[in-house]
Amino acid sequence: MDTETKEQLLDRFRAYLDKLPEATPVESAETDRRTDLYSLFAELAALKNEVRLESRQVKTALDEFRAVFETLQASQMKPCKPAKSNSAANWTAPAPRCPNSGGRR
C-alpha cells in the first residue's frame, strides 16, 4: 500500500473519530441498572425449562446411541461360518478372517 493511500485512510479515520459524540463510560450505565425480584425469578424459570428440554434431548440421543452400539456389538459377536474342507484335488483360497476373533476359521 502506498503512502498516499495510507494518508487518505488515516484522514478518513480521523474525520470519523471527530464526528463521534462523547461516549459515556459503560461502567456508570451498568451500575444504575437494577433487577427486580420478579424479573430474576422469570429468568430463572426460563433457564430451568431450557435445561430440562436440553437434558431430555441428551437422554434421547444417548438412548439412540446405546441402541446403535448394542446392534453393532451383536453383529460383531456373530460367529463366522467355517470354510469347507479343502482336498488336495479341489484346492480353494483360504477362508477369510473372522472380524471378531482376528484369526481364521
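The values are calculated or read from the model by the stated rules, or taken from the named source; none is laboratory data. Please read these numbers as outputs of a predicted model, since none were measured by experiment. In this analysis, Cβ positions are derived from the backbone assuming ideal geometry, glycine residues included, and neighbour counts consider all displayed protein chains.
Going through the range 2-32 one residue at a time, which ones are modelled with pLDDT under 70, outside any loop (DSSP other than H, G, I, E, B) and of a type in the set (Val, Ile, Thr)? Scanning the range 2-32 gives VAL26, THR31. When the residues of the range 47-91 are filtered to those that are surrounded by 10 or more Cβ atoms within 10 Å (Cβ to Cβ) and part of a loop (DSSP other than H, G, I, E, B), the one that is modelled with the lowest pLDDT is ASN86.
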